[in-house]
1. Do any GluC sites (Glu not before Pro) in segment 54-91 lie in a DSSP loop with no more than 16 other beta carbon atoms within 10 Å, and if so, which?
2. Please list, in order along segment 100-107, the HN-Hα scalar couplings obtained from phi with the Karplus expression 6.51 cos²θ - 1.76 cosθ + 1.60 (θ = phi - 60°), rounded to whole Hz, x for Gly and Pro.
3. Would you list the P(r) distribution for the chain, with all Cα-Cα distances sorted into 5 Å bins from 0 and each bin expressed as a whole %?
4. Using a 7 Å offset from Cα along Cα-Cβ at residue 68, what residues in segment 18-44 end up with backbone N under 15 Å from the label point?
5. If one takes the longest principal axis of the Cα atoms in the chain, at what angle in degrees, from 0 to 90 and to the nearest 10, does the Cα axis of helix 5-14 lie?
6. How big is the charge dipole of the chain about its Cα centre, in debye rounded to the nearest 20, if each Lys and Arg gets +1 on its Cβ and each Asp and Glu gets -1 on its Cβ?
7. Net charge near residue 104: determine it from the other residues with C-beta under 11 Å of the C-beta of residue 104, scoring Lys and Arg +1 and Asp and Glu -1.
8. In what sequence, highest mean first, do 126-137, 9-20 appear when ranked by Cβ atoms within 10 angstrom?
Amino acid sequence: MAASEYIRSLRSRIGHDLLLLPGVTAVIRDGGRILLARHAHSGAWSLVGGAVEPGEEPLEAVQREVREELGAEITVTGIIGVYGGEPLMVTYPNGDRVGYVTTAYECVLRTPPTPDGVELTEIGWFERRDIFSLDRRGWIDRVLADVRG
């Protein structure tokens, strides 16, 4: 996780203690296929997303996260749902603990994606039925169950 100045400021005061953060998730589709990314910190496949910055609109945050992590532009076509709880609790390799409450947006690409090589090491398009055999973050199953079509 590339920490923003805001998160670094909080961490300087609370150390590795749990932070509850608003997040955004991009469910990028191409017909029946869904774009997943392999995360550098865990090696697991997941959807693209991250934290909403102070003062930032969530819609702008999902566009920014896709731009930062994939170098791509998206069009958001709707909201799939809002997710949180134990499945979205993360302990990063440095010991930082985060609980995300994320809004998942349905998206389509406007420009080609390329993983940033820092947070994401690989990307791939997967049919929904093939995702369940991947080493993945379990919470994405909840999101994908709510994706229509």
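Rule-based calculations on the coordinates, nothing more; no lab input. Note that the structure is predicted; figures quoted are calculated from it, not measured. Positions of Cβ are backbone-derived with ideal geometry, glycine not excepted, and every protein chain shown enters the neighbour counts.
1. 56, 73
2. 9, 10, 10, 9, 9, 10, 7, 9
3. The distribution over the chain is 2, 9, 20, 23, 23, 14, 6, 2, 0, 0, given as percents.
4. Answer for segment 18-44: 21-26, 40-41.
5. Taking the Cα atoms of the chain, the angle to 5-14 is about 50 degrees.
6. With only Lys, Arg, Asp and Glu charged at Cβ, the dipole is about 280 debye.
7. Taking every Cβ under 11 Å from that of residue 104, the sum is -1.
8. 126-137, 9-20
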